[in-house]
Amino acid sequence: MDQINPEHNSIGWIGTGIMGVPMCGHLIRAGYRVFVFNRTKEKAGELLNKGANWCDSPVEVARRSDVVFTIVGYPDDVREVYFGKEGVFAEPVSDRIFVDMTTTEPAIAGEIYEKALACDCFSLDAPVSGGDVGAVKGELSIMVGGDKEIFDLVKPLLGLFGKNIVYQGKAGCGQHAKMCNQITVAGVMIGICENLIYCKRAGLDFHTMLRSVGSGAASSWLLDNLGPRIMEGDYNPGFFVEHFIKDMEIALDESRRMGIDLPGLELVKSLYERASALGHGRLGTQALLLALEDFCGDEKRGYKEV
């Protein structure tokens, strides 16, 4: 492929969750013919109504598409999509580009890369950051690993999803960069939630406090976007607690493999596991506050109920 454009190329999309639906929607709006698969067809309904074509399996998506994007939940889901009995590699294919945007294990990205090469195909690992808001607005940060020439070829498509698109290096480097992102997010999230608990206990008005804190050294996208959600009792997921626990587990496994300790990440992961044990696994990552309130014996002083 010398160039990818709506006139000559069809796009496959596997995974129509919180992130996948708006991201795939950008492709449809750009004029691409899109072939979609999801384990639950009903969750692809919005895209089908917009003109996407349904496929009954990942391998059918691969058969009918020039470029295939995947964004699913867990490493086992990625393996099933690519290497399962109905996975994209279940039938001989060639001259395809596979782009896995799931946050998963760097080693899996390497396996996909090697299998793709053996099939005369190509692959990129391209996890994203920015949550549901970034996906809807097309303002995600995208971290990409794989061959540079394939990255350059696919970059215009990635530009439909995000504004900060950075080539990180060989296969797996995109996933390693995403681990750096998640390690940082973990630290920021506990800071935000403890900030809000302290703010209320001290009798401060959150929005007044945020005018100072949000424009100083503690400013962050997470504080600006998730802080107000928490204050409104909005724990709807932009990114699931249970998926964030998965990401932290991957980061900790990789850190142990490299011979380093990340005690801060261990602590935050244990608190998120507490949130999950309290039944909040399918809420957004801002539900860390609920685990901290439980830990402190807080009675939701001033916060709206879930």
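Some values worked out for this structure:
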{"quantity": "Cβ-Cβ FRET estimate between residue 80 and residue 249, R0 fixed at 22 Å, reported to 0.05", "calculated": "0.75"}
{"quantity": "Normalised convex hull volume, the stretch 177-296, alpha-carbon set, Å³ per residue", "calculated": "105"}
{"quantity": "Pair residue 207, residue 274: separation of 7 Å Cα→Cβ label points (nm)", "calculated": "3.1"}
{"quantity": "3J(HN,Hα) from dihedral phi, the stretch 178-195, Karplus parametrisation 6.51/-1.76/1.60, rounded to Hz, x for glycine, proline", "calculated": "5, 5, 4, 4, 5, 4, 5, 4, 4, x, 5, 5, 5, x, 4, 5, 5, 4"}
{"quantity": "Value of relative contact order over the chain, rounded to a whole percent, pairs C-alpha under 8 Å and six or more apart", "calculated": "13"}
{"quantity": "Approximate spin-label separation residue 261-residue 232, in nm, with each point projected 7 Å along Cα-to-Cβ", "calculated": "4.2"}
{"quantity": "Net lengthening on full extension, residue 139/residue 120 (0.36 nm per residue, minus Cα-Cα)", "calculated": "3.6 nm"}
{"quantity": "Sorted by Cβ neighbour density within 10 Å, fewest at the top, the residues 140, 222", "calculated": "222, 140"}
{"quantity": "Amide hydrogen neighbours beyond the local backbone of residue 162, cut-off 5 Å, H modeled", "calculated": "140"}
{"quantity": "Whole-angstrom gap from the stretch 222-260 to the stretch 92-156, using each part's C-alpha centre", "calculated": "21"}
{"quantity": "Packing-based exposure ordering (other Cβ within 10 Å, fewest first) of 85, 148", "calculated": "85, 148"}
{"quantity": "Cα→Cβ-extended label distance, 7 Å offset, between residue 198 and residue 107, nm", "calculated": "4.0"}
{"quantity": "Helix-only mean residue ellipticity at 222 nm for the chain, each DSSP H run of n ≥ 4 adding -39500 (n - 2.57), per residue, nearest 500", "calculated": "-15000 deg cm²/dmol"}
{"quantity": "Sorted by Cβ density within 10 Å, fewest first, the residues 197, 260", "calculated": "260, 197"}
{"quantity": "Whole-Hz couplings from phi, Karplus 6.51/-1.76/1.60, listed for the stretch 12-23; x for Gly and Pro", "calculated": "x, 9, 10, x, 10, x, 4, 8, x, 4, x, 5"}
{"quantity": "3J(HN,Hα) from dihedral phi, the stretch 66-72, Karplus parametrisation 6.51/-1.76/1.60, rounded to Hz, x for glycine, proline", "calculated": "8, 10, 10, 9, 10, 8, 10"}
{"quantity": "Theoretical FRET efficiency, 1/(1+(r/R0)^6), r = Cβ-Cβ of residue 170 and residue 2, R0 35 Å, to 0.05", "calculated": "0.90"}
{"quantity": "Nonlocal amide H pairs with residue 172, under 5 Å, H built at 1.01 Å", "calculated": "125, 145, 146"}
{"quantity": "Nearest-0.05 FRET efficiency for residue 296 and residue 56, computed from C-beta distance (R0 41 Å)", "calculated": "0.25"}
{"quantity": "The stretch 201-262: GluC sites (Glu not before Pro) falling in loop per DSSP and having at most 16 other Cβ within 10 Å", "calculated": "232"}
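Any read-out appearing in this document is the output of simple, stated calculations on the displayed coordinates, not a laboratory observation. Bear in mind the structure is a predicted one, so any value in this text is a computation, not a measurement. Here the Cβ is made from the backbone with ideal geometry for all residues, glycine too, and neighbour counts use every protein chain on show.
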